[in-house]
Amino acid sequence: MHNIPDTSIMTEFSHALLGDQRLTKRLTRLATACARQPHALIPTATGNWGQACAAYRFLDNAHVTPAALLAPHTARTLQRAATVPLALAVNDTTTLNYSHRPATTGLAPISNNADKTLGLHLHSLLAFTPQRQPLGVLAAQCWARDPARFGGTRQRNRRPVAAKESAKWLHSYQALQTHVAQTPATCWVFFADREADLDELFELALAAPANPALVVRMQHDRGLEQNEHRLFTHLARAPQAVQLPVAVPRRPG
């Protein structure tokens, strides 16, 4: 990452629509600095306090939104995806822990500890080739949980999916649907973990033949059409289709 060419950053972000060409130039400079030192804080990555202050002013600008920053990169991601016959859209959620920044506003619980572990949730949709080559970011959702709803896990099954965090899977799939129209020669497959084992997601995927294919790790033992057995029993009795080795790191226990 330290030797990343500046031209690569220019290619990804030079067409950002931020309302001011100076902001676009600032974006490319900041992105280049962060790419060279991805683990560094902004003052360290930018090199001096003056450049750090300029970066903070940039991030505080009303025109600088997550959607505006991501848009040019996503456009380049689709250009790369359009050159391959098969692309994998893989998504999952990660937590951004900012508990060490107690003065920061807008944070919320990210674990079962309502007071101490604060931060944000980020759900990303990434594009890869089957050979595991990353193509870029297709979509991203970032939010802070409502502290008033902390501890409401038992009541979540009573709420519609649109009112729950589970809607993130639907939003990701809908974002991919719009990208599919821009890459007609590419076959897309949407991958999700068992948290996405939702009737609403399956219904969305089956609504049109041209929709992206869907691969979801199963969580619920569902009934099957024209089959006396439920899903888990049916798969347990089915012949083995493939066997893949998985390297599991050593850990206590």
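The numbers here are math on the coordinates, done by the rules we state, and not lab data. Remember, it's a predicted structure, so these values are computed and weren't measured experimentally. Reconstructed Cβ throughout: ideal geometry from the backbone, glycine too, with neighbour counts over all protein chains shown.
For the peptides 220-227, 94-101, 235-242, the ranking by packing is 94-101, 220-227, 235-242, with the highest mean count of neighbouring Cβ atoms within 10 Å listed first.
Each label was represented as a point 7 Å from its Cα along the Cα-to-Cβ direction; for K164 and S14 these points are 4.7 nm apart. DSSP finds beta bridges in the chain, and of those with both partners inside it, around 70 percent are antiparallel. With all pairs of different C-alpha atoms in the average, the Kirkwood value for the hydrodynamic radius of segment 1-138 is 17.0 Å. Summarised in one figure, the compactness ratio Rg/Rh of the chain, Cα atoms and Kirkwood Rh, is 1.00. Classified by the C-alpha gyration tensor, segment 1-64 has an oblate form. Its axis ratio a/c, with a ≥ b ≥ c, is 1.5 or above, and a/b does not exceed b/c.
Can you tell me the 0 to 90 degree angle between the C-alpha axis of helix 49-59 and the longest principal axis of the chain, rounded to 10? Long axis of 49-59 versus the principal axis of the chain: about 50 degrees. With helices as the sole contributors, the chain gives -10000 deg cm²/dmol at 222 nm; each DSSP H run of n ≥ 4 counts as -39500 (n - 2.57), and the sum is divided by every residue. For the pair A210 and N112, label points projected 7 Å from Cα toward Cβ lie 4.7 nm apart.
Between the helical axis of 66-81 and the longest alpha-carbon principal axis of the chain there is an angle of about 60 degrees.
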